[in-house]
Amino acid sequence: MPQDAAQPFFQMSGVSKSYGGAVALDHAELTVKRGRIHAILGENGAGKSTLLKAMSGVVQPDEGTMHFEGRQVSFASPAEANAAGIVCVYQELSLIPDLSVADNIFASNPPRRFGMIDRRAQRRQAEEALARAGAADINPLAKVRDLPLSRQQMVELAKGLAHEPRILILDEATSALTAADVARVIEVLKRLRDEGLALLFISHRMHEVKALADECTVYRNGRHVMSFEAGTRTDNEVVEMMIGRKYQHVFPDKPANRRAAAPILACRDLAWNDTLQGISFSLKPGEILGLGGLDGQGQRELLLALFGVLRGCAGTIEVDGRAVSIGSPMAARANGIGMALIPEDRKTEGLMLPMSVRENLSFAALDRMSSAGVIDRDRQQSLVDRMMELLAIKSFSVDAPVGSLSGGNQQKVVIAKWLIRQPRILLLSDPTRGIDVGTKQELYQLLRRLADEGAAIVFYSTDYDELIGCCDRVLVLYEGRIKKELVGSAITEQNLIASALDLPVGQISPSTGVAL
């Protein structure tokens, strides 16, 4: 640790920021030290992202001061903050899909020779930045659009490191990563800390916070609650600081006895390209069926195939015991099938960010709000109000842009717009990515309540705890095939890991997670 690590490197004092009638920050405080990883904790809407955006020049505070190395500073733009050495890597990608990895990494300041972009130098420097980010396997000449989401996020990290930051901010930057990439990033961040960088880290994954943080600061309702050394508070104490109430058991109880029922959904030998190979399963009303396995084994494609997004699928899908042809999302959501899909990327696949909360909540159910092609405003308002109350969506107005809501409330809008249709079959693709523990708890309770009311749910998650806590059965996929079905008490982390690695159950050490 640098000798001056105990001294404040960056300080924010009395920082406030409001958007219309909504207070995002209320006289917030933050002290950052060199050679330390500082975790910023709080629910969605607690002010964390706004605080870091003020620090990195994305927004300007309404009041308060910032000091960097003892002198007062203010940044009118991210470029000014970058020039000072403050770089932020966000959960929302800033990449241009049609450009190469190298072009994206140096989009703002490419290396030049004789006034022209030096392509050879750019490629070499991109390789260095990718290696520093723990992603040396990514081809710098590859188009970003051809990379999966987790690899795109690694490019985003490399782009941040290419700016040679002195303070590196990661705002949920690991939420889209695979477990393997997260492990690499943890090692990268520890190395950067040892090099003397100051790192700020937002994550809702408590195991990542425990693995990384030297210090933690909790915010609630835009205000600083407490700062403390990592490891000096229990998980429950930290969560209670975040949510401002006693922390209850995360997952609702599973029903002890399930009523006999015929399957509502069945797949027979479903296949698509080389990604899905002979998928067969059935799902009953009232059941939560998990999809497990390492990321990229066909789980997302299975959900897209069921929802009619993929073309050229082979095999049979049955609903209520009869074969159906689901050629489009419109066919999937039709009354005879009643399916809904909650996508993994709410900002690009689930919402129209510039449009209002009301409009986003209405998109999937306009036919239920209209008569002769004209929207019944009273009917629309009634349904919107019911969803706002049911999911406790926090917005100062239903006419506010949905992009102005916190991540957790945006995710609630994605779910609510489909619940208006009262789906019989609900497909969820990693729905808790980037949302806080309080909102996750509300979502788990909602899923179990929907199942108890007769909905059939397919739940893909990269979080083993969610599969264990939420699901009645789990199908573990490996290379596009179902390798194992785990039921009831057999749904354990040890069995999930073993099955995901195509090992016999019991071949993973429960204490280390390493193959025996």
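The values are calculated or read from the model by the stated rules, or taken from the named source; none is laboratory data. This is a predicted model, so every value here is computed, not measured. Heads up, the Cβs are rebuilt from the backbone with ideal geometry, glycines too, and the neighbour counts pull from every protein chain shown. Only protein heavy atoms, including side chains, enter the accessible area calculation; ligands, DNA and RNA are left aside. Shrake-Rupley method; radii C 1.70, N 1.55, O 1.52, S 1.80 Å.
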- Query: By how many nm would the segment from MET352 to SER108 grow when fully extended, if each residue of separation counts as 0.36 nm and the alpha-carbon distance is taken off?
  - Reply: 85.1 nm
- Sequence-distant lysines (8 or more away, or on other chains) whose Cα lies within less than 19 Å of LYS484: LYS284
- Note on the structure: Quick tally, 1.4 Å probe accessible area for TRP272, TRP418, sorted with the most first, runs TRP272, TRP418
- Note on the structure: The long-range amide H neighbours of ILE138, using H built 1.01 Å from N in the peptide plane and a cut-off of under 5 Å, are none
- Item | Alpha-carbon centroid distance for the pair segment 267-299 / segment 165-237, whole angstrom | 34 Å
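Rolling a 1.4 angstrom probe over the protein heavy atoms, how many square angstrom per residue are accessible across segment 1-90? Present the calculation step by step, with values, prior to reporting the outcome.
Values: 3770 Å² over 90 residues.
Counting only protein heavy atoms, the per-residue value for segment 1-90 is 42 Å².
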- Item | Protection proxy ranking, peptides 67-78, 377-388, average beta carbon neighbours within 10 Å, highest first | 377-388, 67-78
- Long pairs among LYS17/LYS48; LYS210/LYS254; LYS254/LYS412; LYS190/LYS210; LYS254/LYS440, criterion Cα-Cα beyond 19 Å: LYS210/LYS254; LYS254/LYS412
- Query: Sorted by mean Cβ packing within 10 Å, highest first, what order do the peptides 471-478, 351-358 take?
  - Reply: 471-478, 351-358
- Note on the structure: Between the modelled labels at ASN236 and ILE96 (7 Å from Cα along Cα→Cβ) the distance in nm is 5.3 nm
- Percentage of Cα-Cα pair distances in the chain greater than 39 Å, rounded to whole percent? 28 percent
- Query: What does the accessible area per residue of segment 418-465 come to in Å², with a 1.4 Å probe and no ligands, DNA or RNA counted?
  - Reply: 27 Å²
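First compute the accessible area of the chain with a 1.4 Å probe, then give the percent of it belonging to carbon and sulfur atoms.
That fraction is 49 percent.
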- Message: Highest mean first, how do 147-156, 367-376 rank when packing is the count of other Cβ atoms within 10 Å averaged over residues?
- Response: 147-156, 367-376
